[in-house]
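Working notes for the structure below.
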Amino acid sequence: MEPVLINSPSLANCNLLELGDNVDELVRAGVRFLHIDLMDGHYVPNLCFPIRVLSDIKEKYPDIITDVHLMAIPPEDYVQRLADAGADYLSFHIDSTRFTIRTFNAIKNAGMKGGVVINPSQGTDSLLPFIDLVDMVTVMAVEPGFAGQRFMERTVPRILDVARMRKQKGLDFLINVDGAINYPNVIPCVHNGANVFVTGIYTVFKQPDGITSACRRFEDELRKGEALGFDPDAY
Ligand code: ZN
């Protein structure tokens, strides 16, 4: 597959009183993906965003790709409403439903790209039964539910496992890395096959020079990683 490297800022890291201004600045900074965490207080012990945030974003920025990370039980209950609200990618946790393939098919039938998410405690081989169906695999670098955690270094070899699976099976899904991405980990993740980077408070938000300049700096880092050897043929 073509090397694809995408900055996908997570809106959960915005100052919520400045959400509209932050989204506007991200779009003007050239961001094409927005990562939207939806939490129901059951799958994870936290709450985040109503579905309507999606339709409001899509109404104002129809060209933005919404990368929805659903942390809710059961995910299948939300598929059609998320499609109607304008989700482009919909990713759910493999242990949030007893019916992973059915949920995945419902996402595809509703016209969205489908993704699955694995937590740090789940083996990458748990993806095998449906890896040929997915448009995106998200490898969590923290346990889901809260911003401000530390990136688990063990995530990097897990990304490589998934990238090898992709290569061996001749597939072209995107590998998304979500959780506490910071500068020391960007290039190793690129080298090991990650495509989409969910960015937060260590890279894009709460930076002293503001969102626009932080996005530019992050893009430069992605390009540096690409130049240093993003080579899917290497594994
Ligand atoms: Zn997320």
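Computed from the coordinates by the stated procedures, all read-outs in this text should not be read as laboratory data. Worth saying up front: this structure is predicted, and the values here are computed from it rather than measured. Neighbour counts run over all protein chains shown; Cβ positions are idealised from the backbone, glycine included.
What percent do you get for the relative contact order of segment 6-228 when only Cα pairs under 8 Å and 6+ apart count?
Numbers: 416 pairs, mean separation 41.7, N = 223.
In percent, rounded to a whole number, it is 19.
Just subtract the alpha-carbon distance of residue 46 and residue 223 from 0.36 nm times their residue separation and send over the number in nm, one decimal. Intermediate results must be reported in sequence, preceding the final value.
Values: separation 177, 0.36 × 177 = 63.72 nm, distance 3.45 nm.
Taking residue 46 through residue 223 to full extension adds about 60.3 nm, to one decimal.
Report, in whole Å, the centroid distance computed from the Cα atoms of segment 94-113 and segment 37-52.
18
Could the peptides 60-66, 109-115 be put in order, highest first, of the mean number of other beta-carbon atoms found within 10 Å of their residues? Mind showing how you got there, number by number?
Details: 60-66: 14.6, 109-115: 17.6.
Answer by packing, highest mean first, reads 109-115, 60-66.
Suppose the chain between residue 212 and residue 77 were pulled fully straight at 0.36 nm per residue; how much longer would it get relative to their current alpha carbon spacing? Walk me through the numbers before you get to the answer.
Working: separation 135, 0.36 × 135 = 48.60 nm, distance 3.65 nm.
Between residue 212 and residue 77, full extension yields an extra 44.9 nm.
For the cross-link pairs 167/224; 58/206; 167/206, which exceed 30 Å when the distance is taken from alpha carbon to alpha carbon? The partial results should precede the final answer.
Numbers: 167/224 23 Å; 58/206 24 Å; 167/206 37 Å.
As for pairs spanning more than 30 Å Cα to Cα, those are 167/206.
For labels at residue 27 and residue 146 in the simple 7 Å Cα→Cβ model, what's the distance in nm?
3.3
On alpha-carbon atoms, Rg over Rh for segment 118-222 using Kirkwood Rh? Walk me through the numbers before you get to the answer.
Numbers: Rg = 14.1 Å, Rh = 14.2 Å.
Reported Rg/Rh, Kirkwood definition of Rh: 0.99.
Considering only DSSP beta bridges where both residues belong to the chain, give the percentage that are antiparallel (nearest 5).
Of the beta bridges lying entirely in the chain, close to 5 percent run antiparallel.
For segment 179-193, list residues with backbone N below 18 Å from a point placed 7 Å from the Cα of residue 172 toward its Cβ?
Once the point is set 7 Å along Cα→Cβ of residue 172, 193 turn out to lie under 18 Å by backbone N, inside segment 179-193.
Please report, for the Cα atoms of the chain, the Rg to one decimal and the Dmax as a whole number; what are they, in angstrom?
Rg then Dmax for the chain, in Å: 16.4, 46.
Which one of 198, 177, 134 has the biggest mean-square fluctuation once the chain is modelled by GNM with Cα springs under 10 Å?
So, out of 198, 177, 134, the one fluctuating most is 134.
Of 128, 34, 82, which is the most mobile in a GNM of the chain whose springs link Cα atoms less than 10 angstrom apart?
So, out of 128, 34, 82, the one fluctuating most is 128.
If the cut-off is 21 Å between C-alpha atoms, which lysines fall inside it for residue 169, apart from same-chain ones fewer than 8 positions away?
The qualifying lysines are 108, 113.
Charges only on Cβ, +1 for Lys and Arg, -1 for Asp and Glu: so what's the dipole of segment 6-228 about the Cα centre, in debye to the nearest 20?
On the way: 22 positive and 28 negative charges, 101 e Å.
For this selection, approximately 480 debye.
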